[in-house]
Amino acid sequence: MTGLQKGAIGTLLTGGLLGIVLVAVVFGGEAALSTEEFCTSCHSMTYTQKELKDSTHYGALGVNPGCKDCHIPQGFKNFHLALYTHAVDGARELYLELVNDYSTLEKFNERRLIMAHDARMNLKKWDSVTCRDCHRDPNPPGADAQEAHKKLKTEGATCIDCHQNLVHEEVAKTDLNASLAAGKMVLAKEEEGGGGEEGDEEDDEEEESESEGTSDSSTDKAESSDDDSDEEEDEE
């Protein structure tokens, strides 16, 4: 074996070893960054962790999901999505954690809608893959639910388009298709009509007033008719 051949074999072995180490570091690092302990090392995430454990999603059917089960795509075929989420979204969230004050839940809630929308948009782009890991081939009871689920095939809808506010504190729903098209957060139509209940109450009050007016008018006419009858009897 010549020196050149030995050198080539040595290079291949070294490259193979480095490749194995690199793969181990990448997969091991992704697993470490996906733990609940790592997520909640940021103080603000302890708020959402408590909400998760108080939700109906936690403990349902004996399953106790963690942060990664909803917010990080799982499995080898989704590994690229997991890496992107850690690298891009993780870096952004770390920056926002440093520049914003989340020392109290009230201060955290000031940005809650924005953060919820960002998480929803991720799920939208992933076709709700983390939802589907557990909820496979859903077949909900009821005609309305069955009709709504047809949108998954006919309109390109995905779980998060309809199922929002299931785990964390409720915030306004957002229209994800409109948000994608506009490149910014767009509230769902039902959320834009704030004060709708007040409007309904005003309409009810107007209807009551009109009905009272009609009733008074009918009463006046009846009394007038009685008076006329009395006058006719007197004349007779």
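Beyond 21 Å in Cα-Cα separation lie the following of the pairs Lys125/Lys173; Lys68/Lys107; Lys77/Lys151; Lys77/Lys124; Lys53/Lys153; Lys53/Lys184: Lys68/Lys107; Lys77/Lys151; Lys53/Lys153; Lys53/Lys184. Cβ-to-Cβ counts within 10 Å put Lys77, Lys124 in ascending order as Lys77, Lys124, the fewest first. For the listed peptides 17-26, 158-167, a ranking on the average number of other beta carbons within 10 Å per residue, highest first, reads 158-167, 17-26. Arranged from fewest to most other beta-carbon atoms within 10 Å of their beta carbon, Glu170, Glu30 become Glu170, Glu30. Footprinting exposure proxy ranking of Arg136, Arg111, Arg92, fewest other C-beta atoms within 10 angstrom first, gives Arg136, Arg92, Arg111. Each of Gly66, Ala148, Ala82 was placed along the dipole of region 34-192 (beta-carbon charges, centred on the mean Cα), and the one lying farthest toward the positive end is Ala82.
Read the figures in this text as sums done on the coordinates, not as results from a lab. Everything numeric here is computed off the predicted structure, so don't read it as measured data. All Cβ positions, glycine included, derive from the backbone under ideal geometry; neighbour counts span all protein chains shown.
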